[in-house]
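Report on the following structure.
The values are calculated or read from the model by the stated rules, or taken from the named source; none is laboratory data. Remember, it's a predicted structure, so these values are computed and weren't measured experimentally. All Cβ positions, glycine included, derive from the backbone under ideal geometry; neighbour counts span all protein chains shown. To get the accessible areas, we keep the full protein, side chains included, count just its heavy atoms, and leave off ligands, DNA and RNA. Shrake-Rupley method; radii C 1.70, N 1.55, O 1.52, S 1.80 Å.
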Amino acid sequence: MSSDSSKKRKPKVIRTDGGPQEGKRGRPDTDQDARYYSEEAEVDLRDPSKDYELYKQTCQDLQRLMSEIQELKSKGSKDSAKQKVDAYHLQLQNLLYEVMHLQKEITKCLEFKSKHEEIELVSVEEFYKEAPPEISKAEITRADPHQQTLSRLDWELEQRKRLANKEKILKEIEVKKEYLSNLQPRLNSIMQASLPVQEYLSMPFEQVHKQYETATHLPPPLYVLFVQASAYGQACDKKLAVAIEGNVEEAKALCKPPEDSQDDESDSDAEEEQNTKRRRPTLGVQLDDKRKEMLKRHPLSVTVDLKCKDGSILHLTFYYLMNLNVMTVKAKVTAATEDLLSLDSLLSCLYPGDHGKRTPNPANQFQFDKVGILSLSDYVMELGHPYVWVQKLGGLHFPKDQPQSPVIADNSLSASHMERTMKLLKTRLESRLALHKQFASLEHGILPVSSECQNLFPAKIVSRLVKWAAVTYEDYLELPYTRDVVEAGLAEDTHLYYVVLIERGTGYQLLTNQLQRLCVVLDVYLETETHDNSVEGPKEFPQEKMGPSRLKPFKYNNPQGFFSHR
């Protein structure tokens with residue numbers, strides 16, 4: 001109180017009497033400063049505690065004097081006592097009102113809720129982990145909760161600004177999506193109108209687009225084959241045609257998760273009663289069902305058409321066995337039904353040792369043992385052949401000398417084998433078609449010899465081809481003169497076998513030819529002997545062309561038409 005009162009006091013100025021005002025102004029500043037008294041300077045020099053005690057003592061004396069005066073006044077009348085009671089009561093009421101007001105303010109302060117309490121801020125650990133150092137200020141905020149809250153609010157503001165920018169971008173995306181959705185019907189109408197032009201220019205964009213939409217439902221190996229074969233056709237072989245066949249709806253159903261039936265529990269008792277009334281399937285029927293499920297193919301398949309120069313087409317259909325994780329292939333050649341162009345002989349051993357009768361996946365043998373399948377070769381006519389090169393075209397590789405791991409379709413593996421395999425397939429088809437033409441001639445008893453090879457054979461060949469026919473591998477094994485070939489391992493069931501019958505064409509005219517030869521020799525003998533006019537004979541041997549009389553020119557030279565010595 002002493003300090004407050006001292007600050008409110010004004011400094012007092014001590015002036016001296018006498019002397020004009022101008023004379024005072026002309027004195028030095030040091031004399032002028034000595035005439036002023038500064039109470040604040042004196043307060044700074046004095047002890048505050050002593051001032052406080054002096055002030056307190058003075059107030060007590062004043063209070064005592066005032067009380068004495070009041071007592072003297074109150075003794076005079078009763079009204080003064082009543083007034084004193086009223087004054088005290090009023091003072092009490094004022095004090096109670098002030099206490100109540102202070103209590104309300106305290107409660108209001110305690111119950112005050114800031115707006116930042118309604119904001120869900122990130123945790124403190126996440127704040128220090130994600131916020132940049134210029135916002136987190138870890139060296140300051142970790143020790144000061146207030147600064148920490150402010151920094152967290154700053155980080156929340158920064159994040160909301162970023163979110164506002166993202167929302168702006170999302171709105172722009174939605175606007176563009178709406179524009180594109182409105183654009184799609186127009187594009188569809190344009191594509192429909194351009195279909196005749198596409199057909200005329202051989203540019204089936206609509207068909208290709210539908211094929212690629214269907215390709216999204218292919219299993220990974222068939223999808224890899226479809227993509228790589230299409231890429232190879234576009235880059236290297238324009239005549240290569242790749243397409244997808246099958247039921248798309250069934251393929252979509254395979255991709256969907258199975259729906260849980262809600263009525264299973266309620267209808268379980270009724271189903272059990274019905275099942276007990278029905279006859280239980282035998283073990284054989286159950287195994288057949290398991291085998292069918294094991295050998296189930298994917299609803300979609302990929303077809304590849306290879307066209308040769310002569311117009312023939314090799315139609316390949318690739319399938320995927322879902323439970324065995326292997327691919328199979330079936331082949332067909334246009335306008336060819338002979339055994340020479342069948343699947344077993346056409347694609348067999350395209351690569352050395354690849355007969356396509358065993359599954360290349362070692363894990364399948366354990367699956368076969370569970371359902372009683374001895375070998376996949378019993379089902380290749382129905383499912384197709386699982387050649388190793390077919391697996392590689394689908395990006396599947398099953399290493400035999402390494403631990404088995406989940407096999408995933410690899411695009412690079414398919415791409416590395418695609419070109420060579422396609423060339424081998426085309427070469428195999430062309431060579432088999434050429435061989436087929438030769439076999440057709442042989443079946444009619446004709447030995448076709450090209451003009452380039454005519455000089456390798458004499459003009460007259462007596463022996464001739466009588467029979468050419470195909471035989472099975474079992475019939476070949478029964479022939480007595482093939483035992484050594486079979487034991488040497490040179491004959492396999494994948495080879496083609498034919499029986500050939502060759503006869504010497506003049507065997508049935510041997511006697512007549514011998515008699516004709518005897519007549520010719522007699523003519524030569526008579527002509528080369530001493531001429532006698534009585535003897536008639538050919539005059540084809542002039543005397544100068546004859547050799548010694550002891551040798552006869554019995555060798556006839558055709559087509560020159562003369563005889564010579566042997």
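Quick notes
- Scanning region 409-430 for residues that are touching a residue at least 24 places away in the same chain (Cβ under 8 Å), under 20 Å from residue 362 (Cβ atoms) and either open to solvent by less than 60 Å² (accessible area, probe 1.4 Å) or in a helix (DSSP H, G or I) (or both) yields one hit, 409.
- Here residue 406 clears all of (1) in contact with a Pro (Cβ under 8 Å, 6 or more places away or on another chain); (2) in a loop (DSSP other than H, G, I, E, B) except the condition numbered (1).
- Matching option when the condition is more than 27 Å from residue 438 (Cβ to Cβ), open to solvent by 70 Å² or more (accessible area, probe 1.4 Å), modelled with pLDDT of 80 or more and more than 60 Å from the chain's Cα centre (by Cα), among 522, 526, 518, 510: 522
- Of everything in region 381-398 that is in a helix (DSSP H, G or I) and modelled with pLDDT of 90 or more, the residue that is surrounded by the most Cβ atoms within 10 Å (Cβ to Cβ) is 393.
- Criterion (at pLDDT 80 or above, touching an Asp or Glu at 6+ places or on another chain (Cβ under 9 Å) and either on the phi > 0 side of the Ramachandran plot or loosely packed, with under 13 Cβ neighbours inside 10 Å (or both)) met by exactly one of 499, 535: 499
- Checked against the criterion of being of a type in the set (Val, Ile, Thr), in contact (Cβ under 8 Å) with a residue 60 or more places away in the chain and surrounded by 11 or more Cβ atoms within 10 Å (Cβ to Cβ), region 489-496 has at least one qualifying residue.
- Reported count of residues in region 306-361, each being modelled with pLDDT of 90 or more, of a type in the set (Lys, Arg) and either in contact with a Lys or Arg (Cβ under 7 Å, 6 or more places away or on another chain) or surrounded by 21 or more Cβ atoms within 10 Å (Cβ to Cβ) (or both), is 0.
- For region 365-379, the set of residues classified as open to solvent by less than 40 Å² (accessible area, probe 1.4 Å) and farther than 24 Å from residue 331 by Cα consists of 368, 371, 373, listed by residue number.
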